[in-house]
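Have a look at the structure below before the remarks.
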Amino acid sequence: MLAAVLHEPKLIRIDKVDAPEPAAGQIRVRVRAGGICGSDLSYYFKGKSGDFAVREPFVLGHEVAGEVDALGEGVTGLAAGQRVAVNPGLACGTCRFCAKGMANHCLNMRFMGSASTFPHTQGMFRQYIVVAERQCVPVPDGVDFAQASMAEPLAVALHAVRQAGSLVGAQVLLIGCGPIGCILLAVARRAGAHRVAAVDLSDKALQIAASLGADEPVSAVDGATINKWAEQRGRFDVVIEASGSPAGLDTALRSVRAGGTVIQVGNLPAGQSPVAANLVMAKEIRYQGSFRFTDEYAVAAAEIASGKVDLRPLMTHAFALEEANHAFEVAQDRLQSMKVHLQFD
Ligand SMILES: [Zn+2]
Ligand SMILES: [Zn+2]
């Protein structure tokens, strides 16, 4: 089978490797579509994502859907040919965080396409993957594979908005309108946000954000508008930081109202970030992180399958697996693309 293997920054080779065999309780999935995520882009261009560095040949990809190809012994809940979205995370179910319902912090987490462990847990941009049965969420045949693969970023957004508490009637600011930011916007809207302002450097991203329901799209270079948000102890009830930049976090802390909430979804650079942290004390800000997701994956797949959430406006490009390097270049170019998919034959 073919696999898109990152050998060094900006160099993916399509390598021929042996197809894996499913053991008891496992499923072999024929991958049909995979979305390129911000962390994939960081690994590809910088050789690291946040604090995790690539240290060996590495298959990227953690947002895929495909069809069940082969069943390991004892698997009864799925049938060959069935369409599935694949949860990239496999938690142990028994460690102290799993016991608390915080499986995203599982001490033995195997998250595919992440360099957080060594040897790395290889990702899913390959023709066949083997996963546990419970990682597969069936979706109806009418849902196309690329759409089904959006269950992963949607799960990230559902988890993040949950962390914010009720958004009913809230004034919300979204910082960073990349794919995750735009999905957060759609989720915040459904969660009852009253008004949503959205900031990004790219006008194209702001246009898409507006089409998904941003009331007030603001360019990140519009300092006059952004400075105003900090007046009178801040304007927004909830700020969602999805840019992963220290400047974005700084704007979040300045713009949130006293007693408001800042949700950190963006992956900040490794090490220290210079921000006006004293505002956390002075305005009694609740600064809450959000990391991946727990049980939101199955919910996300169901929301997509039912058509309740339509993320197609974000799906701007698709390329064949063989064009992976080009696909990453396009995905990095925020002036032309939003979510870019790889398609597998
Ligand atoms: Zn992702
Ligand atoms: Zn665990």
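The values are calculated or read from the model by the stated rules, or taken from the named source; none is laboratory data. Bear in mind that the values here come from a model prediction, so they are computed numbers and not experimental data. Every residue, glycine among them, receives a Cβ derived from its backbone with ideal geometry; neighbour counts consider all protein chains shown.
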Worksheet item: Looking at the range 285-331, which of its residues are outside any loop (DSSP other than H, G, I, E, B) and touching a His at 6+ places or on another chain (Cβ under 8 Å)?
Response: Glu296, Met315, His317, Ala318, Phe319, Ala327, Val330, Ala331
Worksheet item: Is at least one residue of the range 63-70 under 18 Å from Lys339 (Cα atoms), crowded, with 19+ Cβ neighbours inside 10 Å and either at pLDDT below 95 or charged (D, E, K, R) (or both)?
Response: yes
Worksheet, complete the sentence: Selection from the range 135-154 of residues modelled with pLDDT of 95 or more and either among the small types (Gly, Ala, Ser) or in a helix (DSSP H, G or I) (or both) yields Gln135, Phe145, Ala146, Gln147, Ala148, Ser149, Ala151, Glu152, Pro153, Leu154
Practice prompt. For the range 168-185, state whether one or more residues are within 16 Å of ligand 2 (Cβ to nearest atom), within 22 Å of Asn104 (Cβ to Cβ) and outside any loop (DSSP other than H, G, I, E, B).
Written response: no
Fill in: Exclusive hit being on the phi > 0 side of the Ramachandran plot, over 22 Å from the mean Cα position of the chain (by Cα) and small (Gly, Ala, Ser), set Gly101, Gly61, Gly93, Gly47
Gly93
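Does any residue of the range 135-157 turn out to be in contact (Cβ under 8 Å) with a residue 12 or more places away in the chain and within 16 Å of ligand 2 (Cβ to nearest atom)?
So far as the range 135-157 goes, yes, one or more of its residues are in contact (Cβ under 8 Å) with a residue 12 or more places away in the chain and within 16 Å of ligand 2 (Cβ to nearest atom).
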Item to complete: Would you confirm whether any residue within the range 206-217 is charged (D, E, K, R) and in a loop (DSSP other than H, G, I, E, B)?
Response: yes
Fill in: Asp295 vs. criteria modelled with pLDDT under 95, touching a Leu at 6+ places or on another chain (Cβ under 9 Å) and not assigned by TED's automatic domain parsing to the domain that holds His62
no
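A quick yes/no check of all residues on (1) within 24 Å of Gly113 (Cβ to Cβ); (2) under 18 Å from the mean Cα position of the chain (by Cα); (3) of a type in the set (A, V, I, L, M):
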site	(1), (2), (3)
Leu268	yes, yes, yes
Gln272	no, no, no
Tyr297	yes, yes, no
Phe328	yes, yes, no
His341	yes, yes, no
